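The values are calculated or read from the model by the stated rules, or taken from the named source; none is laboratory data. On a predicted model such as this, the values are computed, not experimentally measured, just so you know. Positions of Cβ are backbone-derived with ideal geometry, glycine not excepted, and every protein chain shown enters the neighbour counts.
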Amino acid sequence: MPTVNDIVVRKPTEQEIERCKAWPTWTCEPKSFDWSYTEKETCLILEGQVTITGDDASVSFGPGDLVVFPQDLDCVWNVAEPVKKHYNFG
């Protein structure tokens, strides 16, 4: 079973940024919620600050980060600042 430590956070290439712009967007106001990934998600963070927690570990990310969540990950989203992201499943 994947853990928070399996989340990949990195800066995208210019080509990746262009590809992400075609993906849908998702927004969320500050709050915390449980989330389970039934498939892999890749997202480009446009705005906000988020910390993902689970299994005594955490990872944080913000604007400009490309984040990859593994399939079957159970975690808690802690949205500190309103978030806006492009996302793609699969």
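Given (1) over 11 Å from VAL83 (Cβ atoms); (2) in contact (Cβ under 8 Å) with a residue 12 or more places away in the chain; (3) among the β-branched types (Val, Ile, Thr), identify the lone condition not met by THR25.
(1)
Regarding THR51, is this residue closer than 12 Å to VAL9 by Cα, surrounded by fewer than 18 Cβ atoms within 10 Å (Cβ to Cβ) and at pLDDT 95 or above?
In short, yes.
So, of the residues in the range 44-65 that are part of a strand (DSSP E or B) and in contact with a helix residue (DSSP H, G or I) (Cβ under 8 Å, 6 or more places away or on another chain), which turns out to be nearest to PRO24 (Cα to Cα)?
LEU44
Say we look at the range 1-46 and pick out the residues that are surrounded by fewer than 13 Cβ atoms within 10 Å (Cβ to Cβ) and of a type in the set (Asp, Glu); which of these is nearest to VAL68 (Cα to Cα)?
So the residue we want is GLU39.
If you take the residues in the range 66-90 that are surrounded by fewer than 19 Cβ atoms within 10 Å (Cβ to Cβ) and outside any strand (DSSP E or B), which one is nearest to the chain's Cα centre (by Cα)?
PRO70
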